[in-house]
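Structure first, commentary second.
The values are calculated or read from the model by the stated rules, or taken from the named source; none is laboratory data. Worth saying up front: this structure is predicted, and the values here are computed from it rather than measured. Cβ sites come from the backbone with ideal geometry, for glycine too, and all protein chains shown count toward neighbours.
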Amino acid sequence: MAIIKVQKGTKDILPQEMTVWHLMEEKAKEIFEKYGAKEIRTPIFEATELFARGVGDTTDIVNKEMYTFEKSDRSLTLRPENTAGVVRSFIENGMHRLSAPVKLWYKGPMFRYERPQAGRQRQFHQVGVEVFGIKQPTADAEVILMAVNYLKSLGLNDLTVELNSLGCPKCREEFKTRLKDVIRPYLAQLCEDCQSRFEKNPLRLLDCKSTECQEIYSKPEIQAVIQGDFICEECAEHFNELKSYLDILGIKYERNKLLVRGLDYYNRTVFEIKSNNLGSQNAVCGGGRYDSLVKNLGGEDTPAIGFAMGMERLASLLGEKQEKKMTAYVISNNTVEAMKLTEELRSKNVTCEFDLANKKFVKQLEKASKVAKYAVILGEDELSQDKVTVKNMETGIQETIKRNELKL
Ligand code: ATP
Ligand code: MG
């Protein structure tokens with residue numbers, strides 16, 4: 001019979017990979033909670049409208065990448081990202097009444113119908129943070145610090161923080177107009193995506209991966225607009241203050257004026273963290289400020305900023321970490337005694353197993369040397385004298401002790 005295979009763009013995360021996944025999850029809890037963030041878990045599917053309104057219907061995510069299905073006349077979508085879901089929950093649960101800032105973190109699977117390739121899957125995982133209620137750039141600095149320190153805690157240092165400010169809706173309108181004016185003469189030469197972005201979301205033109213388009217955008221008159229400082233005084237002040245905090249805290253960053261990010265809801269600060277050790281899918285983290293999203297989704301006007309990291313990309317940077325051996329393997333020809341001692345050790349928080357298949361003593365010893373740090377041996381003599389022999393499987397040293405003195 002033909003075997004059923006895993007779906008294109010999805011992957012099993014196998015037991016031998018779990019050391020790395022557990023590390024990413026444990027460090028997320030440890031580091032984000034150090035900053036006062038609390039974990040939130042929202043459903044994997046939401047109303048399609050949440051993403052259309054929350055992520056923005058000019059984005060690739062909403063236009064091309066969503067897993068949408070109908071159930072009982074409702075249009076539902078598997079979440080392609082988690083900011084919209086967290087914002088929905090923030091509003092629905094009246095979290096604006098909590099004392100600001102409200103800091104939330106999450107981890108879990110996301111779904112995007114993309115062309116699978118290295119670093120790009122259809123089901124992938126993100127870990128992320130959202131901070132609500134603070135408009136000052138101190139929150140921007142704090143959020144960037146959380147991202148950088150999380151990555152550092154995983155031992156990832158060879159990373160670059162790219163930073164930009166998209167300004168506010170007011171100053172951005174002027175920038176969009178100027179950008180369109182200089183790009184308009186080349187409109188017919190742009191790729192199909194850029195032609196449709198031109199009216200709908202001209203900032204996204206800068207994000208285009210096509211070399212032909214990028215060549216056009218590198219023309220001097222277009223670069224003059226891109227590299228010019230378009231943001232208004234207030235936005236510039238916010239950005240400068242953020243940069244000064246990062247300088248003071250020793251967080252290195254690079255200004256990237258082409259960084260616009262894929263989602264519609266960002267304003268002012270946007271950032272990405274890139275690895276120098278990944279191929280073309282080199283962004284491990286993307287984030288930014290989204291001061292109008294809570295209001296746009298029907299909540300109280302609440303400024304916010306957050307980020308999301310791709311866990312598969314982090315995992316591939318972390319490489320393989322050795323699986324931990326269990327602490328003890330109980331060896332005996334007396335199954336019932338082995339079973340009892342194993343349970344006793346487990347009740348004392350010792351990870352341990354015994355041979356469920358009643359194999360010969362030597363086979364049990366062989367198994368112990370493969371899977372455990374210690375063999376705990378219950379032979380005839382030990383059983384009759386209420387003793388156990390503990391053998392250190394790395395050094396080979398063994399000693400026989402009273403059973404009630406056994407400590408591992
Ligand atoms: P990209 O430019 O790589 O498509 P993006 O801007 O679509 O990224 P975000 O929505 O900002 O990505 O998501 C944050 C992070 O999630 C990315 O930096 C990346 O590490 C990860 N990510 C996004 N899409 C995928 C995917 N299809 N497969 C694996 N990881 C992904
Ligand atoms: Mg993408």
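Things worth noting here:
- From the list VAL330, VAL336, the one residue that fits, being assigned to a helix (DSSP H, G or I) and free of Cβ contacts under 8 Å to residues at least 60 places away in the same chain, is VAL336.
To keep it simple, each residue is scored yes or no on (1) loosely packed, with under 12 Cβ neighbours inside 10 Å; (2) modelled with pLDDT of 95 or more; (3) of a type in the set (D, E, K, R).
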| position | (1), (2), (3) |
| --- | --- |
| LYS5 | yes, yes, yes |
| GLY9 | no, yes, no |
| GLN16 | yes, no, no |
| VAL20 | no, yes, no |
| TYR35 | no, yes, no |
| ILE40 | no, yes, no |
| ILE44 | no, yes, no |
| ALA47 | no, yes, no |
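- Listed by position, the helices (runs of 4 or more DSSP H) inside region 29-132 whose residues that are more than 15 Å from ligand 2 (Cβ to nearest atom) and assigned by TED's automatic domain parsing to the domain that holds GLU312 number at least 3 are 48-54, 83-92.
- Matching residues in region 37-91 - criterion: being free of Cβ contacts under 8 Å to residues at least 60 places away in the same chain and among the hydroxyl-bearing types (Ser, Thr, Tyr): THR48, TYR67, THR68, SER72, SER75, THR77, SER89
- In region 159-261, counting only helices (runs of 4 or more DSSP H) that sit wholly within it, the ones holding 3 or more residues that are farther than 24 Å from GLY306 by Cα span 169-183, 192-200, 211-217, 220-227.
- Residue list for region 283-330, restricted to those being farther than 28 Å from ALA139 by Cα and either within 9 Å of ligand 1 (Cβ to nearest atom) or buried (at least 24 other Cβ atoms within 10 Å of the Cβ) (or both): ALA328, TYR329, VAL330
- In this structure, LEU145 does not satisfy being over 25 Å from ILE13 (Cβ atoms), assigned to a helix (DSSP H, G or I) and more than 23 Å from the chain's Cα centre (by Cα).
- Residue ranges of strands (runs of 3 or more DSSP E) in region 364-408 with at least 2 members buried (at least 16 other Cβ atoms within 10 Å of the Cβ): 372-378, 387-392
- Scanning region 63-86 for residues that are touching a Phe, Trp or Tyr at 6+ places or on another chain (Cβ under 8 Å) and of a type in the set (Val, Ile, Thr), we see that the one that is nearest to VAL127 (Cα to Cα) is THR83.
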